[in-house]
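First up is the structure itself, then whatever we jot down about it.
The values are calculated or read from the model by the stated rules, or taken from the named source; none is laboratory data. Not measured: the values here are computed from a predicted model. Counting neighbours? That spans all protein chains shown, and the Cβs are built from the backbone with ideal geometry, glycine included.
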């Protein structure tokens, strides 16, 4: 698939579409997840079914007996949205073959947070990718199990404080690095993998449309700030998304067929990374890192991010 292929509908036209989430949902003030879903909805091309794992987005948009979703949607367990989406795809094929389904094609999207995607549901995602089901899996990554008490996940940054990676006099928050989930999924050699975030909305919409249009599985890793868990100002989620890209904590790129790596959006134009300190100082979850005893640890995080950025540029053929 050529990444410069233009969608049949322009992004300008997509931006005019009505949101697929109604107003009045109960997401926290400043949460980026509703914006992530709004941008996803703008990229849709026809009949769509969403399968969603348990998480913040599911809990706050579908409090019984209400739902904020305007399209077909199903809630499944924490770990199995990708597996259920696989079943939905096969079921629609059978129904279509029997003349019981009016649409020639239906897009199936699975959604999970970082807890269900990086950890609990990873096996189901890997299985769906390996089987080649024609779906898009989107992980909205807010860096912890925010819905169940702000516990650390495989998506939590090194040095980040959560309720299970406390920062104190002995430990500076999470000690382990963040799992490179998009790279792991790309290793499945699926048609399309991309990282996105809501500040660069045109980049987001364009990539999600590409993900829908490829034949076979696609994976979208969406950065999604969480003011409650991050202890950040509610009005700063978009600026934090932008800063995560500029510091290299969440670079924007695409991977085609597991082989062709392409920097995109502002990451493509970035000459030099901003210091990660600029990102850390905006949130209470990282404030402990600025204590004298954790200065060396904070510097080691910068070294790791810089190393990963240089490695990514090599993969993308950028000097």
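Here is a yes/no grid of residues against (1) crowded, with 23+ Cβ neighbours inside 10 Å; (2) in contact with a strand residue (DSSP E or B) (Cβ under 7 Å, 6 or more places away or on another chain); (3) touching a residue at least 12 places away in the same chain (Cβ under 8 Å); (4) farther than 19 Å from residue 212 by Cα:
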| site | (1), (2), (3), (4) |
| --- | --- |
| 136 | yes, yes, yes, no |
| 139 | yes, yes, yes, no |
| 142 | yes, yes, yes, yes |
| 145 | yes, yes, yes, yes |
| 156 | yes, yes, yes, yes |
| 159 | yes, yes, yes, yes |
| 164 | no, yes, yes, yes |
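When segment 169-194 is examined, which residues are found to be in contact (Cβ under 8 Å) with a residue 60 or more places away in the chain, closer than 30 Å to residue 294 by Cα, in a loop (DSSP other than H, G, I, E, B) and over 14 Å from the mean Cα position of the chain (by Cα)? Hits for segment 169-194 are 169, 173, 177.
Assessment of segment 81-93 against the conditions (part of a loop (DSSP other than H, G, I, E, B) and either surrounded by fewer than 20 Cβ atoms within 10 Å (Cβ to Cβ) or touching a residue at least 40 places away in the same chain (Cβ under 8 Å) (or both)) yields no matching residue. Filtering 308, 277, 296 for residues that are under 30 Å from residue 55 (Cα atoms), part of a helix (DSSP H, G or I) and free of Cβ contacts under 8 Å to residues at least 40 places away in the same chain leaves a single hit, 277.
Any residue in segment 248-268 that is without any contact (Cβ under 8 Å) to a residue 40 or more places away in the chain, crowded, with 22+ Cβ neighbours inside 10 Å and in contact with a helix residue (DSSP H, G or I) (Cβ under 9 Å, 6 or more places away or on another chain)? Yes, segment 248-268 has at least one match.
Scanning segment 26-63 for residues that are assigned to a loop (DSSP other than H, G, I, E, B), under 24 Å from residue 87 (Cβ atoms) and under 14 Å from the mean Cα position of the chain (by Cα) gives 53, 55.
Conditions tested, residue by residue: (1) within 18 Å of the chain's Cα centre (by Cα); (2) not in a helix (DSSP H, G or I).
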| position | (1), (2) |
| --- | --- |
| 119 | yes, no |
| 126 | yes, no |
| 130 | no, no |
| 133 | no, yes |
| 138 | yes, yes |
| 143 | yes, yes |
| 147 | yes, no |
| 154 | yes, yes |
| 159 | no, yes |
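Evaluated against (1) in contact with a strand residue (DSSP E or B) (Cβ under 9 Å, 6 or more places away or on another chain); (2) not in a helix (DSSP H, G or I), residue 104 falls short on exactly one condition, (1). Among the residues of segment 16-25, is any surrounded by 17 or more Cβ atoms within 10 Å (Cβ to Cβ), at pLDDT 95 or above and within 19 Å of residue 207 (Cβ to Cβ)? So far as segment 16-25 goes, yes, one or more of its residues are surrounded by 17 or more Cβ atoms within 10 Å (Cβ to Cβ), at pLDDT 95 or above and within 19 Å of residue 207 (Cβ to Cβ).
The single condition from (1) out of contact with any helix residue (DSSP H, G or I) (no Cβ under 6 Å at 6 or more places or on another chain); (2) farther than 29 Å from residue 130 by Cβ; (3) in a loop (DSSP other than H, G, I, E, B) that residue 19 fails is (1).
Taken over segment 275-296, the criterion of being under 20 Å from residue 163 (Cα atoms) and surrounded by 15 or more Cβ atoms within 10 Å (Cβ to Cβ) is satisfied by 280, 282, 283, 285, 286, 288, 289, 294.
Could you check residue 156 against (1) touching a helix residue (DSSP H, G or I) at 6+ places or on another chain (Cβ under 6 Å); (2) under 19 Å from residue 232 (Cα atoms) and say which number it fails? Among (1) touching a helix residue (DSSP H, G or I) at 6+ places or on another chain (Cβ under 6 Å); (2) under 19 Å from residue 232 (Cα atoms), the lone unmet condition for residue 156 is (1). Give the residue that is nearest to the chain's Cα centre (by Cα), with candidates limited to residues of segment 195-231 that are in a strand (DSSP E or B) and closer than 17 Å to residue 41 by Cβ. For segment 195-231, the residue satisfying everything is 222.
Just one of the numbered conditions (1) without any contact (Cβ under 8 Å) to a residue 12 or more places away in the chain; (2) out of contact with any strand residue (DSSP E or B) (no Cβ under 9 Å at 6 or more places or on another chain) is not true of residue 235: (1). Kindly indicate whether any position in segment 226-237 is surrounded by 24 or more Cβ atoms within 10 Å (Cβ to Cβ), in contact with a helix residue (DSSP H, G or I) (Cβ under 9 Å, 6 or more places away or on another chain), within 25 Å of residue 307 (Cβ to Cβ) and modelled with pLDDT of 95 or more. Among the residues of segment 226-237, at least one is surrounded by 24 or more Cβ atoms within 10 Å (Cβ to Cβ), in contact with a helix residue (DSSP H, G or I) (Cβ under 9 Å, 6 or more places away or on another chain), within 25 Å of residue 307 (Cβ to Cβ) and modelled with pLDDT of 95 or more, which makes the answer yes. Flag: residue 123 matches the condition of being surrounded by fewer than 20 Cβ atoms within 10 Å (Cβ to Cβ), over 21 Å from residue 36 (Cβ atoms) and modelled with pLDDT of 95 or more.
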